[in-house]
Amino acid sequence: MSATEAPLPQSHCLLLWQSDRTVHLGTAPLTVMLREMLEATKGDEFWLRLLYLYPDEITPELVDLMESDHRLLPYFDIPMQHVAAPVLRRMGRRVNYSRETLETTLEMLRERLPPSRLTIRTTLMVGFPGESEQHFQELLAFVRAQDLDHIGVFEFSPEEGARATSFANQVPAATARRRRLALEAAHSRQIKRRHRRWLREERELEVMIDVACNAGGVVGRGIARHVGQALDVDGVVRVHGGPGEGEPNEGSVAQPGERWLVRLEGADVQGALAGLLKRRIDSA
């Protein structure tokens, strides 16, 4: 198959960016827009992840839609930034945006959605002007308690013209760096524990193939991503062929856009996973 004949990618991200307190794309609320889009594409097989969701935009109706259509993945990218109330106020976060709101949202998601599919990603900022050691310790405790799936940590960087650049109580760069490294280390330990548990359990994951590979033998390796891995930010699953279960895989090829069941075999220090292709998953 030539490059021009290769199937189009079947895993997508929808980036949500809004200026008011209710998500609207065009004139329709998010859940209404998504439902209409999924209805219009009924029969098409793809995965869709939502990026940049605020807690008040994660509603029971949105979860209902995810439960009713497997193509809309239970993947929540929530730009938390921080959890200490004084820091959130200085950042200019919404009035109803708080640690308590975040915790309530996470609790609802964990009650409603299966842990094997639910994924929560966030970005955090350290060193924002006025962030004290107590504020940082509150953030670190939150990260340790919540055991989130993916975290990106950034240091505050003064930019010309930005309002925060003129704030009092600027945090020294060395302090911001120390705090970033502490958060990253805490999250890295969580990831390693999670992957060790998955390997002990011989966890099987549903993946979507990005780069084709031979599914009927050990020659040739491919790249795939499971439900909790968005493109370019969350890592990959490196897959290879082996004896199939449930269908004759000999001589078959795992093609881009296909969903397969993979048995995990390993994880590297960066968190990339390795897995054995077991069987193709037919479209619903």
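Listed values, structure above:
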item: Lone unmet requirement of (1) under 23 Å from the mean Cα position of the chain (by Cα); (2) within 22 Å of residue 77 (Cβ to Cβ) for residue 185; result: (2)
item: Some residue of segment 159-168 being at pLDDT 95 or above and charged (D, E, K, R); result: no
item: Options 218, 227; residue that is outside the structural domain of residue 191 (by TED's automatic domain parsing) and either buried (at least 16 other Cβ atoms within 10 Å of the Cβ) or at pLDDT 85 or above (or both); result: 227
item: Strands (runs of 3 or more DSSP E) (entirely within segment 61-163) containing at least 3 residues that are touching a residue at least 24 places away in the same chain (Cβ under 8 Å), surrounded by 13 or more Cβ atoms within 10 Å (Cβ to Cβ) and in the same structural domain as residue 232 (by TED's automatic domain parsing); result: none
item: Selected residue (criterion: surrounded by the most Cβ atoms within 10 Å (Cβ to Cβ)) from residues of segment 164-174 that are assigned to a loop (DSSP other than H, G, I, E, B) and among the aliphatic types (A, V, I, L, M); result: 171
item: Failed item, numbered, when residue 108 is tested on (1) modelled with pLDDT of 95 or more; (2) more than 30 Å from residue 156 (Cβ to Cβ); (3) touching a Leu at 6+ places or on another chain (Cβ under 7 Å); result: (3)
item: Among (1) in contact (Cβ under 8 Å) with a residue 40 or more places away in the chain; (2) assigned by TED's automatic domain parsing to the domain that holds residue 91 - the single one residue 208 does not satisfy; result: (2)
item: Residue within segment 233-251 that is outside the structural domain of residue 74 (by TED's automatic domain parsing), surrounded by fewer than 17 Cβ atoms within 10 Å (Cβ to Cβ) and at pLDDT 85 or above present; result: yes
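The values are calculated or read from the model by the stated rules, or taken from the named source; none is laboratory data. Remember, it's a predicted structure, so these values are computed and weren't measured experimentally. In this analysis, Cβ positions are derived from the backbone assuming ideal geometry, glycine residues included, and neighbour counts consider all displayed protein chains.
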